[in-house]
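Have a look at the structure below, then the notes.
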Amino acid sequence: MKKKIVKLDINNHVYEVLVSATDLLVDVIRKQIGLTGTKKGCGQGDCGACTVLVDGEAQLSCLMLAIACEGKKITTIEGIANQETGELHPLQQAFLDHGAVQCGFCTPGMVLSSKALVDNNPTPTEEEIKHALEGNLCRCTGYVLILEAVESYVDSLAKGEV
């Protein structure tokens, strides 16, 4: 199969990668770029573990062709922490503080889906948070701690603490 070099803007760094027309974004991120925070769970868009931000919107990278992402801004879980200090993003910290991480497999997708929501709607209701996370599966937490973490982050934003 013929391959093409594409430029992918991932976490504010442009990578030139050789991809085929069928290479999935999740595989390129993990195998070629080496960013393993994005998880490959079901491989068919059911679990949300592969969620990344594409132009600020939560997207399932297991359903996206890498070649189609040229010219788009992609953010993985590694890209939301402070790149200079290594300090976690306040939303990541809220997940830790509320024990919403458990095994951690779903956490990157949960965090990025939550971030996309709050970036576009800084005062979401509990129902809006639930709706934003309905494509992300977690077998460990039962979602209560995850909801608490997101609500805590939203409260911190409203108070100007972050």
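Every number here is computed from the coordinates shown, using simple stated rules; none is lab data. Owing to the predicted nature of the structure, the values given are computational and were not obtained by experimental measurement. A quick note on method: Cβ atoms are made from the backbone with ideal geometry, for glycine too, and the neighbour counts reach across all protein chains shown.
As an exercise: evaluate GLY109 against (1) under 15 Å from the mean Cα position of the chain (by Cα); (2) without any contact (Cβ under 8 Å) to a residue 12 or more places away in the chain; (3) within 28 Å of GLN32 (Cβ to Cβ) and give the number of the one condition it does not meet.
It fails just one condition, (2).
If you scan region 91-101, which residues turn out to be touching a helix residue (DSSP H, G or I) at 6+ places or on another chain (Cβ under 8 Å) and either surrounded by fewer than 17 Cβ atoms within 10 Å (Cβ to Cβ) or of a type in the set (Val, Ile, Thr) (or both)?
First, the residues of region 91-101 that are touching a helix residue (DSSP H, G or I) at 6+ places or on another chain (Cβ under 8 Å): 91-92, 94-95, 97-101.
ASP97, GLY99, VAL101, listed by residue number.
ALA49 fails exactly one of the following numbered conditions: (1) in contact (Cβ under 8 Å) with a residue 24 or more places away in the chain; (2) exposed (fewer than 13 other Cβ atoms within 10 Å of the Cβ). What is the number of that condition?
Here ALA49 meets the rest and fails (2).
How many residues, within region 122-142, are crowded, with 16+ Cβ neighbours inside 10 Å and out of contact with any Ser or Thr (no Cβ under 8 Å at 6 or more places or on another chain)?
4
In region 87-115, what residues are closer than 17 Å to VAL162 by Cβ and outside any helix (DSSP H, G or I)?
GLU87, LEU88, HIS89, HIS98, ALA100
When you scan region 116-145, how many residues do you find that are of a type in the set (Asp, Glu) and either part of a loop (DSSP other than H, G, I, E, B) or out of contact with any helix residue (DSSP H, G or I) (no Cβ under 9 Å at 6 or more places or on another chain) (or both)?
Residues meeting the conditions: 3.
Any idea which of (1) part of a loop (DSSP other than H, G, I, E, B); (2) of a type outside the set (Lys, Arg); (3) within 15 Å of SER61 (Cα to Cα) is the one ASP27 doesn't satisfy?
(1)
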